[in-house]
Amino acid sequence: MIANQLALIKRELWEHRSFGITPLAVASVMAIGTLSFMVIGSGFRDVIDMALVGASNVGETERRAMLTGLLSVYTVVVAISMGIVTVFYCLDCLYAERKDRSILFWRSLPITDAETVVSKLLVAMLVIPAATYAAIVATHLLVLLMASVWVEMQGGSAAHLLWNGAALLDNWVATLVLVFAVPLWLAPFIGWFVFVSGVVKRSPLLMAFLPIAVLPLIELTFESHLLVKAIWARPFSIPLFGVDSVEGMMDRAGGGIELREEMVSLAATLDVGKFVSSPSLWLGLVVCGLLAAAAVYVRRYRDES
């Protein structure tokens, strides 16, 4: 079973090179954009000097907050790009093998339909998040190295301005939790996309998103919000954060707002226990399992394949 899964996962990596090409392309574009910004910024010497002096004199917490926000931008861009890759992979994983008739070859091997479908789910929920995490870490390091060279060329101290306040370990721990937790939370959508991939004869993208968009709208006409909460609201309601609002992470002193240490710690905002104990998480995994079982059934008994 394990050997078969490893072989099937390798097959997916061979057939879907976008897992490696996409993060490389996104990282390259962001690196070029960062470099362009640095080159343009170098022409405003007086402004750069003032910015370096100001950044050197602010507190450690404020500098850490700025760098965390900057790194988070790169994290979000890579994560969104890989999320798009995940959607298209799930919609193509079973549809493509029927379209090119390669399913006949794979069925001639001693591999069950269940093992094949499970391998697709593992790729979507484990392999792609792992590739996403590696791409995010590499992008952070690349951007910081480029920024370090630029800061030193401008007369600043990269060690003081960048590396001492970057909080890389905190960012990477929080990112690791997020990139693996989000696919688990969105497992019903992954299961649905895989099921659609195994059922439809054409236009899997349209057939997958049409019910997601239309059914909640129909439900709203009956003044019900069950599907709205289950479909539309789920991606934005992941129970992973331990704070209720940004205001809860601030101390107000003397009418102003003072940053607290935990405010600039991404890992401190996460509550893994709350996430794992959420009934909605496990219910979503059950729905994903049922949809995967339906995909196995369809793949096994589909007449034209």
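Once segment 3-45 is narrowed to residues that are modelled with pLDDT under 85 and of a type in the set (Lys, Arg), the residue that is surrounded by the most Cβ atoms within 10 Å (Cβ to Cβ) is 45. Please indicate, with yes or no, whether at least one residue in segment 198-220 is on the phi > 0 side of the Ramachandran plot and among the acidic types (Asp, Glu). No, there is no match, as no residue in segment 198-220 is on the phi > 0 side of the Ramachandran plot and among the acidic types (Asp, Glu).
For first residues located in segment 168-189 and touching a residue at least 40 places away in the same chain (Cβ under 8 Å) and at positive phi, partners that are surrounded by 19 or more Cβ atoms within 10 Å (Cβ to Cβ) and part of a helix (DSSP H, G or I) and lie 6+ apart or on another chain with Cβ distances below 8 Å do not occur.
Based on this model, can you work out whether residue 112 counts as touching a Pro at 6+ places or on another chain (Cβ under 8 Å) and hydroxyl-bearing (Ser, Thr, Tyr)? It is false that residue 112 is touching a Pro at 6+ places or on another chain (Cβ under 8 Å) and hydroxyl-bearing (Ser, Thr, Tyr). Condition first: in contact with a helix residue (DSSP H, G or I) (Cβ under 7 Å, 6 or more places away or on another chain), part of a helix (DSSP H, G or I), surrounded by fewer than 16 Cβ atoms within 10 Å (Cβ to Cβ) and of a type outside the set (D, E, K, R). Can you find one or more residues in segment 182-192 that meet it? Within segment 182-192, not a single residue is in contact with a helix residue (DSSP H, G or I) (Cβ under 7 Å, 6 or more places away or on another chain), part of a helix (DSSP H, G or I), surrounded by fewer than 16 Cβ atoms within 10 Å (Cβ to Cβ) and of a type outside the set (D, E, K, R).
In the list 134, 158, which residue meets the criterion of being without any contact (Cβ under 8 Å) to a residue 12 or more places away in the chain and surrounded by fewer than 21 Cβ atoms within 10 Å (Cβ to Cβ)? Before you say what the answer is, go through the steps one by one.
On the way: 134 fails: without any contact (Cβ under 8 Å) to a residue 12 or more places away in the chain.
One residue alone meets the criteria, 158.
Number of residues in segment 96-115 that are under 14 Å from residue 12 (Cβ atoms), not hydrophobic (A, V, I, L, M, F, W, C) and not in a loop (DSSP other than H, G, I, E, B) equals 2.
If only one of 229, 274 is at pLDDT 90 or above and assigned to a helix (DSSP H, G or I), which one is it?
On the way: 229 fails: at pLDDT 90 or above.
After ruling out the rest, the residue left standing is 274.
How many residues does segment 179-211 contain that are of a type outside the set (Phe, Trp, Tyr) and more than 17 Å from residue 290 (Cβ to Cβ)?
Filtering segment 179-211 for residues of a type outside the set (Phe, Trp, Tyr) gives 179, 181-184, 186-188, 190-191, 194, 196-208, 210-211.
In the following step, the residues that additionally are more than 17 Å from residue 290 (Cβ to Cβ) were identified as 179, 181-183, 200-207, 210.
Within segment 179-211, residues that are of a type outside the set (Phe, Trp, Tyr) and more than 17 Å from residue 290 (Cβ to Cβ) number 13.
Can you report the number of residues in segment 200-218 which are surrounded by fewer than 17 Cβ atoms within 10 Å (Cβ to Cβ) and touching a helix residue (DSSP H, G or I) at 6+ places or on another chain (Cβ under 7 Å)? Counting residues in segment 200-218 that are surrounded by fewer than 17 Cβ atoms within 10 Å (Cβ to Cβ) and touching a helix residue (DSSP H, G or I) at 6+ places or on another chain (Cβ under 7 Å) gives 4.
Select from segment 75-125 the residues that are within 30 Å of residue 136 (Cα to Cα) and polar (S, T, N, Q) and write down the one among them that is surrounded by the fewest Cβ atoms within 10 Å (Cβ to Cβ). Top of the filtered list is 81.
Report yes if residue 180 is aromatic (Phe, Trp, Tyr), modelled with pLDDT of 85 or more and under 30 Å from residue 301 (Cα atoms), otherwise no. Give the steps one after another, and end with the answer.
On the way: aromatic (Phe, Trp, Tyr): yes; modelled with pLDDT of 85 or more: yes; under 30 Å from residue 301 (Cα atoms): no.
Considered against the rule, which asks whether it is aromatic (Phe, Trp, Tyr), modelled with pLDDT of 85 or more and under 30 Å from residue 301 (Cα atoms), residue 180 comes out as no.
Residue 90 satisfies every condition listed in (1) under 30 Å from residue 292 (Cα atoms); (2) part of a helix (DSSP H, G or I); (3) modelled with pLDDT under 85 except (3). Put simply, of 251, 303 the only residue that is assigned to a loop (DSSP other than H, G, I, E, B), of a type in the set (Asp, Glu) and modelled with pLDDT under 90 is 303.
Quick grid of which residues meet (1) modelled with pLDDT under 95; (2) charged (D, E, K, R):
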| position | (1), (2) |
| --- | --- |
| 176 | no, no |
| 193 | no, no |
| 201 | yes, yes |
| 217 | yes, no |
| 222 | yes, no |
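The values are calculated or read from the model by the stated rules, or taken from the named source; none is laboratory data. Model, not experiment: these values are computed from the prediction. Note that we place each Cβ from the backbone using ideal geometry, even for glycine, and neighbour counts take in every protein chain shown.
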